[in-house]
Structures are given as structure tokens and as C-alpha cells.
Amino acid sequence: MQNKKVLLFLILISILPNTILASADVPESDTIKYDYASVMSKKASSKKEVDYKQTLNFYPFKAFSNNLMLGYEKQVGSKHVLKVVASYTSFESQTITTNSDFELSNYSGLRFDLMLKYFIGSNNSVFNGIYVSPLISLKNSKFKYMDFSSPSFNDWEEGAANSFNLGFIVGYQLAIGESLSLDMYVGECLKKSNGDYLAANRLVDQYKNAIGITGGLCVGFGF
């Protein structure tokens, strides 16, 4: 029995060195390695590049308030996009205002916005990433209004209002598929209004003198 144990021990010793040497001879290129930083860098650098250089934009929520708002933007630099927005509002009668003292009718209004978007970050491409932009907005409207706080509230009066907005926004534009994009932004804006702006100050289209939050959302079609 003792001889068998010694023989088994010698056999194991003769096998172990060969096994160890065999594993040591495996080329380094055949071993599996995982470099986390490299993988994350590749993922960041693989952000989708869009093929188009310009887009047409539609503002879906504005349409619910009798407001047709369209935008056009064009790439003007490696990181810059110039955007122009125009809108037209028209309705016969509406009572949804921020001030219950007024009712509006025969309303028509125009608006123009101008932005110069800069897509920040080395991995962001235009039309697909975070951006910052100054914002200039001009709008005016004409309408008839009835002032319920006035003794002669049964009479319709001619009204007009205009507004100048200057602000700075931060946005995110997300490329979807080959030609669609979703653009959302929010920012701070200085708002200066004149005329009968209290009567024109609707919930969905405010005229006011203030420094306040502004924002928007639109769907873009690239080409």
C-alpha cells in the first residue's frame, strides 16, 4: 500500500510542471482582456451622425390653440445651426385667457423667432445632442376685446399688442431614424410687451412684462 502511494505521488509531480508550463506558454494575444475605459470611449464616440444638413419643424402642441407654427433650421458650421421660426394665429372667439376680465374675438397674430444653436461636447453632432442658444422673439396681434370690468362691457373694443422677448435656452435634440428628430428646450427670457397686452394675454400665448421661463417642443424632418 505504501508503495502505491509513493508511485501516485511521483506521477502527480511529473504531470504538474507540464501543466503549469503549458498554461504559461499561451500567447498574450490569446488571453481575454476587458478594458472598461476603452469600451466606454468607443460607445461615446459612436454617437449617431445624421446625414441631413437642414430640417423643417412642426410644433404639435401649438396646433391645439389655433396656432400654426413652423420652423426651418440649417447647419452653418461644424457645431452651429441657424433656426428661424414663424407662426400665425387666428380665431373668431376665445374666452381662455389668463385674465377672466377679458373676452377676445377676431384675433390674428404673427410671431418670429431666431436662434443660433451650438451643440456642446466633442461627441455631439449637429441635430443630435445637447445645445445652447440665444433666443430673439417678436410677436404682435390685433383683435377685438370686451372688458368685463368696464361699466360699458357690452361694447367690443379694437385692440392690439406687441411683444419683444430676449433670452437664453438649453435644449436637447434627438435624432430618430433616418430623418426624424425631436427637439425640446427650456430657458430664461426677458419679456417686454406694449399695447393692450393684458387683454391679449392668453394661457397659450402670453404677453407680459417679466423675466420668466420659456420653452418649446417640436418635431423635425431632415433633408
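The values are calculated or read from the model by the stated rules, or taken from the named source; none is laboratory data. In this text the structure is predicted, and so the values were computed from the model without any measurement. A quick note on method: Cβ atoms are made from the backbone with ideal geometry, for glycine too, and the neighbour counts reach across all protein chains shown.
Counted as qualifying within segment 146-223 are the strands (runs of 3 or more DSSP E) with 2 or more residues that are among the polar types (S, T, N, Q) and more than 28 Å from residue 125 (Cα to Cα), namely 157-176, 180-195. Taking first residues from segment 104-116 that are loosely packed, with under 14 Cβ neighbours inside 10 Å and partners that are assigned to a strand (DSSP E or B) and among the basic types (Lys, Arg), the Cβ contacts under 9 Å between residues at least 6 apart in sequence or on separate chains come to 108/142; 112/139. In segment 120-145, of all residues being outside any strand (DSSP E or B) and at positive phi, the one that is modelled with the highest pLDDT corresponds to 127. As for segment 70-85, it holds at least one residue that is surrounded by 15 or more Cβ atoms within 10 Å (Cβ to Cβ), under 30 Å from residue 143 (Cβ atoms), touching a Gly at 6+ places or on another chain (Cβ under 7 Å) and modelled with pLDDT of 55 or more. Annotation for segment 153-165: at least one member residue is at pLDDT 95 or above, out of contact with any helix residue (DSSP H, G or I) (no Cβ under 9 Å at 6 or more places or on another chain) and surrounded by 14 or more Cβ atoms within 10 Å (Cβ to Cβ).
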